[in-house]
1. Between the range B:192-260 and the range B:83-135, what is the separation of their alpha carbon centroids in Å?
2. As I understand it, the dipole of the protein assembly as shown uses +1 on the Cβ of Lys and Arg and -1 on the Cβ of Asp and Glu, about the Cα centre. Which of B:V34, A:L15, B:N77 lies farthest toward its positive end?
3. Where nothing but the Cβ of Lys and Arg (+1) and of Asp and Glu (-1) is charged, how large is the charge dipole of the range A:109-148 around its Cα centre, in debye to the nearest 20?
4. How would the range A:109-148 be classified by its alpha-carbon gyration tensor: rounded, prolate or oblate, with rounded meaning a/c under 1.5 and the a/b versus b/c comparison settling the rest?
5. Report, in deg cm²/dmol and to the nearest 500, the calculated mean residue ellipticity at 222 nm for chain A, where each DSSP H run with n ≥ 4 adds -39500 (n - 2.57) and the sum is divided by the residue count.
6. Show that you can apply the helix-only estimate: for chain B, add -39,500 (n - 2.57) for every DSSP H stretch of four or more residues, divide by all residues, and state [θ] at 222 nm to the nearest 500.
7. In debye to the nearest 20, how big a dipole does the protein assembly as shown give about its Cα centre with +1 on each Lys and Arg Cβ and -1 on each Asp and Glu Cβ?
8. Arrange the peptides B:15-25, A:103-113 so that the one whose residues have, on average, the most other Cβ atoms within 10 Å appears first.
Amino acid sequence: MQALAELKEQIRQALPELDVVIGWQQGYDALHTSPLFIRSEEDLEKLVVNEFCVVNPASYLREMRGGKKVGLVLKGCDSRSVIQLVQEDLLKLEDLTIFGFGCNGVLNHAKLQARFGDIGYIKSIENSGASVTIEVDENKETVPFSELCADKCLTCSYPNTLQCTHFAGEESSKEAESEQDKALEEFEKLSMEERFSFWQDQMRRCIRCYACRNACPMCVCKDHCLANSRETKWLSEEVDVQNNFMFQLIHVMHLTGRCVECGECERACPMDIPIMLLRRKMAGVVRDVFAYNAGTNAEETPPLMCFKVEEPTIEERH
Amino acid sequence: MACKFISNENTNQWLEALAKDHVVFVPVDDGGTVTFRPFGEGRKLVLDRMPVRSAKEAVFPQSETLLTYKYDKDPENPERTSVRIRETLPKERAVVFGARPCGTRGMAVFDKVFDNDRIRDPYYATRREHTMFVTLACTKVESTCFCHEVGSGPADTSCSDVLLTPVQGGYAAEAVTECGEKMLEASFFADGGDKCAEAEAVKKATREMLGEAHDFSDAPEKLLAAFDDDEFWEEQAAGCLSCGACTYLCPTCYCFNITDEATGTTGKRVRSWDTCMSFQYTLEGSGHNPRSTKAKRLKNRVNHKFSYFPESYEKYIACCGCGRCIKSCPASVDIRAIVKAAQARGAEKESK
Ligand code: SF4
Ligand code: SF4
Ligand code: SF4
Ligand code: SF4
Ligand code: SF4
Ligand code: SF4
């Protein structure tokens, strides 16, 4: 990949000035990458950029606060979380060096799994861009990329890293396949009772591991999250539908107007619970009410962090 | 071990029969993941995939009530209250069907901790006594499997009562315990015949798929030698998100928390899973936290399984090699690789 060679060169040059650059490296099998923390040129050789680079490097920024000079290799969606953190004054743009590139979408493990039984038995995978050929067990199949990619990539209009210091390779011309998330559209056709029973069923599966929270770049309190607080105790230690759902509601409410729809929460969930439905719903509400799209413009102030007597997008006086 | 045969059709009938007086936990499709749920109408068994959750809940539920209590005011002296306590020991008899050998073997770790000559945890021990395990030998291996490297294998019978091996048309069934032998007396089982040889071939083939085993035997000392190497642990833990998914899915993780959950004058004492990956795990009342960073916490998880536990319990590695923590980790943190890195670190130091 052209971008990879250029990225490496840009990072190589910037590295002496930086404490660390966060990117991705090959993981334990063909389908997985894991985050890479580049501190030396030796580490840099391990960098990969491909359709398995799913982790959002910005999720580690919380630990890097306090004047550390951090470099980040970011997909378009990942870069939105950095911008949002800057908008919220949780990070300083001048401490960050962002290495951008054009993203063509990432693959979704849950979809691969649903399609191929168990991807743990993966033999090989090839991606041509338009389609993916995968061999699991005795089964070899070619499937359109769009059927296996992350949902966020289907609606993504920011495939190129926003506000980056360096940009490598060609810009991606990838366009959103649809404006609305199909799953959410389908979900909203259900009656209230059906929606409620849907969530009851989903939340029964939750193991309250908090991977959704810890993978979220915008959940900044983590260690002090109120889901774990002992005084006051908001959630019972009993793991049941009610408490599990309560935690999801806490998470989604704290992310309303801040969630950049990077999808990390849902991706991290070991139980494959479709919690992006909740995030997308609230992001849509914020777009409708405040005409605000989180993490797209560092100059903006998030709507819940400012007060305007009259919101230009809300008709309150007649 | 006597070997018998049960056809696919009879297996279903056997489960139905067992379900009459047991809770029968089976791996089912649960919204795309595979979890253990009670056998019953409309539940689709999934036996060709490794369950995402292990069956540890059959003996160690994520949350369980240890006792219930009620405060009573003394009518003579309202300043005084008395408390009535009722213990709530588990009563149900259960069968776990279709767990993988690695998942079941996790209990060997619990047994050592919860039921030994010094301590007997009545909740665990009662469940353990009342639960039978019918385990399913693996016929293929995943990229995350390493049972063969921690003293186990794809047909391990360590904590099973019965081992089933998939063969043409059904399963070859071997009793491991006396209780398992009784189970195989049910009319659904026929004589094993040549199915037994077929089963042996299946087991051998699966074992071969795993290839040669890495040797973890010097891991305890190598990990201990790396104990104070903060840089090493920070590097290993860099990608970790401190979520705890690894520990909750792990068949050998047994840490718990105890909380009193009160409503007015009544309440219950609840025991629930805890995880060393969480900041709260060692947070002291004073506010001091000896494991304040994720590197210190990951060090605990890896060392507990590959160093502290083997040191306390006759070299027994407290990891069954199921790979769940690797497979479900959102950041693909690989416990095998960490232990190997500690072993290699030792070698590097020695060669210097
Ligand atoms: S959402 Fe856009 S930028 Fe993010 S991975 Fe998908 S295509 Fe790439
Ligand atoms: S809530 Fe989910 S989608 Fe939103 S920012 Fe957090 S991880 Fe990303
Ligand atoms: S859910 Fe809320 S309290 Fe918990 S870490 Fe996220 S933002 Fe903080
Ligand atoms: S990651 Fe999934 S299982 Fe874990 S707490 Fe979140 S929703 Fe529940
Ligand atoms: S190792 Fe993985 S699963 Fe475990 S706490 Fe860290 S990120 Fe979560
Ligand atoms: S540590 Fe990981 S591989 Fe070992 S038993 Fe636990 S989940 Fe399985």
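Derivation of every value follows stated rules applied to the coordinates shown; laboratory data play no part. Since the structure is predicted, the reported quantities are computational estimates derived from the model, not experimental observations. Don't worry about glycine lacking a Cβ; one is built from the backbone with ideal geometry, like all the others, and counts go over all protein chains shown.
1. About 21 Å separates the Cα centre of the range B:192-260 from the one of the range B:83-135.
2. In the protein assembly as shown, that residue is B:N77.
3. Dipole about the Cα centre, nearest 20: 120 debye.
4. Oblate, because a/c is 1.5 or more while a/b does not exceed b/c.
5. -9000 deg cm²/dmol
6. Per the formula, -9000 deg cm²/dmol.
7. My answer is approximately 1240 debye.
8. The most tightly packed comes first, giving A:103-113, B:15-25.
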